[in-house]
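Undergrad: What follows is a single structure, and I will ask about it in a moment.
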Amino acid sequence: MPVVSGAEFLNAARQSGYAVGGFNTNNLEWTQAILRAAEAKKAPVLIQTSMGAAKYMGGYKLCVDLITDLVDSMGITVPVAIHLDHGSYEAALECIEVGYTSVMFDGSHLPFEENLKLAKDVVEKAHAKGVSVECEVGSIGGEEDGIIGAGELADVNECVQMVGTGIDYLACGIGNIHGVYPENWKGLAFDHLQEIANAVGNDVPLVLHGGSGIPQEQIEKAISMGVSKVNVNTEFQLSFAKATRAYIEAGKDQEGKGFDPRKLLAPGVEAIIKDAEEHIDWFGSAGKA
């Protein structure tokens, strides 16, 4: 299965009432783990890179080549989209040029009129190359690559205007945050989500950011109300770190050589595979490829 535009399978998810995982990667091992989980579950997937992760990995072009080559060498048969997560205007344009098949332009921290203007330009340039576009209204709480959001509820009228730019899917603030959820978190604002879904129409896939730590029943309810893409990153980070730490604490090094990096990273990779498969089942996308 070639790497494809995210719109190719998110529209199907919206119409059929399930969601697709937007799973962030940070290196070769994470990418392999996500692909292994998606293939095992026969589920479509968006492999996402933040701007920071792409810089760490060697640049956007390297990320495209890495993911594309792994899809080929691993014999992946499920649809895979290469997605820029929370990208600036400049990053979105660069990713469109180097081969990403889906980009998120996040202008939610800008004045709305500027966000709207830049979104229109990104859509025009992306669609000319068959690239799908995600934009955000009402910033998501927490911090992502220096973009800080207070977790506002997205303005419904602004959501409608943003959809009018021709974007393929909409990220809208409904009380969700990045990172670990505090104990006093009030949960997702479902009444507001319903209002947004009614306003933008049944054909627009909605995106839930900050999927790590949201109770399963809340994720499933959000999906039933129009959420068609759920982002997960923090949970993978925590699982990977826990498994790697346990391996080190067990003292499984080679005398005189230290740790074999392939063995050291293996438990963390298996933890990500387990988490990804579990989320795919929650999202209802297993067997949808």
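The values are calculated or read from the model by the stated rules, or taken from the named source; none is laboratory data. Predicted model, so just to flag it, every value in this text is computed and none were measured. Using ideal geometry, Cβ is built from the backbone for each residue, glycine included, and neighbour counts are taken over all protein chains shown.
Undergrad: Collect the residues in segment 225-244 that are more than 17 Å from Ala33 (Cβ to Cβ) and either at pLDDT below 95 or not β-branched (Val, Ile, Thr) (or both), keeping them in residue-number order.
TA: Narrowing segment 225-244 to residues more than 17 Å from Ala33 (Cβ to Cβ): 225-230.
Hits for segment 225-244 are Met225, Gly226, Ser228, Lys229.
Undergrad: I would also like to ask the following. Output the residues belonging to segment 77-90 that are hydrophobic (A, V, I, L, M, F, W, C) and surrounded by fewer than 24 Cβ atoms within 10 Å (Cβ to Cβ).
TA: At the first step, the residues of segment 77-90 found to be hydrophobic (A, V, I, L, M, F, W, C) are 78, 80-82, 84.
Of everything in segment 77-90, just one residue is hydrophobic (A, V, I, L, M, F, W, C) and surrounded by fewer than 24 Cβ atoms within 10 Å (Cβ to Cβ), namely Val78.
Undergrad: Pairs under 7 Å by beta carbon, first residue under 13 Å from Asp168 (Cβ atoms) in segment 4-19, partner hydroxyl-bearing (Ser, Thr, Tyr) and part of a loop (DSSP other than H, G, I, E, B), six or more apart or different chains?
TA: Val4/Thr101; Ser5/Thr101; Gly6/Thr101; Ala13/Ser285
Undergrad: Take segment 29-70 and flag every residue that is surrounded by fewer than 18 Cβ atoms within 10 Å (Cβ to Cβ) and either in contact with a Cys (Cβ under 9 Å, 6 or more places away or on another chain) or modelled with pLDDT under 95 (or both).
TA: Those that are surrounded by fewer than 18 Cβ atoms within 10 Å (Cβ to Cβ) and either in contact with a Cys (Cβ under 9 Å, 6 or more places away or on another chain) or modelled with pLDDT under 95 (or both): none in segment 29-70.
Undergrad: All but one of (1) surrounded by fewer than 16 Cβ atoms within 10 Å (Cβ to Cβ); (2) not in a loop (DSSP other than H, G, I, E, B) hold for Glu158; state the number of the condition that does not hold.
TA: (1)
Undergrad: Checking Ser50 against (1) on the phi < 0 side of the Ramachandran plot; (2) over 14 Å from the mean Cα position of the chain (by Cα), which test does it fail?
TA: (2)
Undergrad: Yes or no: Ser108 of a type outside the set (A, V, I, L, M, F, W, C), crowded, with 23+ Cβ neighbours inside 10 Å, closer than 20 Å to Val163 by Cβ and within 15 Å of the chain's Cα centre (by Cα)?
TA: On the way: of a type outside the set (A, V, I, L, M, F, W, C): yes; crowded, with 23+ Cβ neighbours inside 10 Å: yes; closer than 20 Å to Val163 by Cβ: yes; within 15 Å of the chain's Cα centre (by Cα): no.
Judged against the criteria, Ser108 is not a match.
Undergrad: What are the pairs, 6+ residues apart or on separate chains, where a residue within segment 198-224 that is on the phi < 0 side of the Ramachandran plot and modelled with pLDDT of 95 or more has its Cβ under 7 Å from a residue that is assigned to a helix (DSSP H, G or I) and of a type in the set (Lys, Arg)?
TA: Short answer, once both residue conditions are applied: Pro205/Arg14.
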